[in-house]
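Inspection log for the structure reproduced underneath, given as structure tokens.
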């Protein structure tokens, strides 16, 4: 094996670990999406300078994206949408100016979540997924 080659050993432990990362991120987003269906969250969006009309798209994207990540269907598309939401949370909600400040704003958790989602986008759904079980799903939709 060359130093420039990256290979992933195909074994059960890698498959279960990859599914575990997908399932954890998916469960977190499903849990966090529930409160966003409450109309009061739309008012909170107005308070941080975003239009209240974003409430339903954000809530649905987080809920369905979490479900798709757990199931292993449309993982790259779901991961991309969730990455956009996380970037919005880091830069718009938490604030870039607070990124290196001394006050705790919680951006660290969002950054770790973003790193996990980006690894899911790169790796795809993995072998423990509906996309792998149903061979008819086009590869670009994995």
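The values are calculated or read from the model by the stated rules, or taken from the named source; none is laboratory data. Just so you know, these numbers come straight off a predicted model, no measurement behind them. Positions of Cβ are backbone-derived with ideal geometry, glycine not excepted, and every protein chain shown enters the neighbour counts.
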Q | Test result for residue 137, in a loop (DSSP other than H, G, I, E, B) and either surrounded by fewer than 19 Cβ atoms within 10 Å (Cβ to Cβ) or at pLDDT 90 or above (or both) | A | yes
Q: Look at segment 102-126 and say how many of its residues are touching a helix residue (DSSP H, G or I) at 6+ places or on another chain (Cβ under 7 Å) and modelled with pLDDT under 90.
A: 9
Q) Out of (1) surrounded by fewer than 17 Cβ atoms within 10 Å (Cβ to Cβ); (2) in contact with a helix residue (DSSP H, G or I) (Cβ under 9 Å, 6 or more places away or on another chain), what's the single condition that is false for residue 11? A) (2)
Q) Does segment 45-70 hold any residues that are part of a helix (DSSP H, G or I), over 26 Å from residue 118 (Cα atoms) and either modelled with pLDDT of 90 or more or touching a helix residue (DSSP H, G or I) at 6+ places or on another chain (Cβ under 6 Å) (or both), and which are they? A) 46, 52, 53
Q. When residue 35 is evaluated against the numbered criteria (1) surrounded by 15 or more Cβ atoms within 10 Å (Cβ to Cβ); (2) more than 28 Å from residue 17 (Cα to Cα); (3) at pLDDT 90 or above, which criterion, by number, is the only one it fails?
A. (1)
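One line per residue, one yes/no per condition, for (1) under 15 Å from residue 26 (Cβ atoms); (2) modelled with pLDDT of 85 or more; (3) under 12 Å from the mean Cα position of the chain (by Cα); (4) surrounded by 14 or more Cβ atoms within 10 Å (Cβ to Cβ):
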| residue | (1), (2), (3), (4) |
| --- | --- |
| 75 | yes, yes, yes, yes |
| 79 | yes, yes, yes, yes |
| 83 | yes, yes, yes, yes |
| 93 | no, no, no, yes |
| 100 | no, no, no, no |
